[in-house]
1. Could you give the size of the charge dipole of region 25-125 about its Cα centre, using +1 on the Cβ of each K and R and -1 on the Cβ of each D and E, expressed in debye and rounded to the nearest 20?
2. Leaving ligands, DNA and RNA out of it, report the carbon-plus-sulfur percent of the accessible area of region 1-59 at a 1.4 Å probe.
3. In what order, largest first, do V275, V82 sit by accessible area if the probe radius is 1.4 Å?
4. How would R98, R173 rank on accessible area, largest to smallest, probe 1.4 Å?
5. With all protein chains present and a 1.4 Å probe, how do R306, R248 order by accessible area, largest first?
6. Can you pull the one-decimal nm distance between simple spin-label points at E43 and R132, each 7 Å off the Cα toward Cβ?
7. Would you mind working out the magnitude of the charge dipole of the chain relative to its Cα centre, with +1 at each Lys and Arg C-beta and -1 at each Asp and Glu C-beta, to the nearest 20 Debye?
8. So what's the projected area for the chain, the Cα convex hull averaged over all directions, in nm²?
Amino acid sequence: MIPLNATHDPALRSWVESANLPGHDFPLQNLPFGVFRRAGSTEPFRGGVAIGDSVLDLGALQPLAPFGGRAAEALTLCAQPVLNELMAAGPEASGSLRMALSGALRSGSPLEARLRPLLIPQSASEYRVAARVGDFTDFYASIHHATAVGRLFRPDNPLLPNYKWVPIAYHGRASSVRVSGGSFARPHGQLMPPGAARPELAATRRLDYELEVGMFIGASNTLGSPVPLAEAESHIFGLCLLNDWSARDVQAWEYQPLGPFLAKNFATTVSPWVVTLEALAPFRVPWTRPAGEPPPLAYLDDAAQRRTGGIDIRLEAALDTVRMRAQGIAAQRLSQSSFGDSWWTIAQMVTHHTVNGCNLEPGDLLGSGTQSGPAPSAAGSLLELTAGGREPLTLGDGERRTFLEDGDRVILRGWCERPPYVRIGFGEAAATVLPAVRP
Ligand code: MN
């Protein structure tokens, strides 16, 4: 686990005034990395770091050579249209850069006059996925989600016997991972309507979201070399928000025996900002299992995991509809949960993924699986919130939903809060559902 250092000091203030506002996602203690350019421009995308309501342009900072040593080396890796090389350089490189940026953005820094012209408002920026994602794997790490979904698909046998032992995942599709702010057409797929004699090809009628945490892999491991649990976190660059959009009717028909395929690979939305594990250090929590539950196999268990393997990231999904936007009604929260309730930790997921020698590459994306809490109201998908579509939700403006309608926009948010530390946030991962296009 990364120890606390001067960058976590709750007393730090920035000369970027908006970064000091209470409740802001991007105070000086956060410093998440992303890839951006001015909105509507033809500028090249390059690395940036979020501070308050602005982006510090790391591409423009690099030629000014403000830092020395490892921070200077790491900064050169940020002047590129993807951050795979920064991620590959490992936590010491990104940590050195974080320390240097923390000093440069601090109130009273002698660099203020040189850096102030390099701030671009986030509202005037557009983003890309922070890395070129070579591979995407999505886990199933919330036992509350697995149990609730299992009950809908198999009422008499909700949790399969492997669940408590194996960090279950499916190999997803990297090509359809998109940054927040976009839209996608309601997908078509093969589905079997209830009572029908044969399946049909149709636009999904049960389109859903999944509230997840994403992990960007940093340093790679060599093919054939598993990553031991104690080293797993040194292979994770940072975390983001992730929506694993799902077509439940397609999924129900296709998922046996090999798991999800076209039900999930048409779109995945991630937040633009990647919060480093170092920034998350104050928010680590014990990883626990309820009394009576079996401990995992030895390769997935150690004292460090039990002490601080979890991360208390508060997660929230919200919805706004065409009508709500037209009437100026704010997006409505659907549920809240915490990543601290996950059955598996980020380190356990990396170690299990590589235990057979599978190699992870810089910029690979791992999803946590839908993060549902123990209470039914903390469910991270509509499938759970509406009991498989049987119990519609009534929204604040009187509209009803079982699954998503055309024009609906789902907004995921996440943040960490633990006094006396300064609250940090992930921004948002949002996208809008468009009408289906006939294939
Ligand atoms: Mn998922």
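The values are calculated or read from the model by the stated rules, or taken from the named source; none is laboratory data. In this text, all values refer to a predicted model and were calculated from it rather than measured experimentally. Quick reminder, even Gly has a Cβ in these numbers, built from the backbone with ideal geometry, and neighbours come from all protein chains shown. Each accessible area value is taken on the protein alone, full model and side chains, heavy atoms only, with ligands, DNA and RNA left out. Shrake-Rupley method; radii C 1.70, N 1.55, O 1.52, S 1.80 Å.
1. Taking the Cα centre of region 25-125 as origin, the dipole is about 160 debye.
2. Within region 1-59, the accessible surface is 57 percent carbon and sulfur.
3. Final ranking, largest accessible area leading: V82, V275.
4. R173, R98
5. Putting R306, R248 in descending order of accessible area: R306, R248.
6. Modelled inter-label distance: 2.3 nm.
7. Approximately 480 debye in magnitude.
8. It is 21.9 nm².
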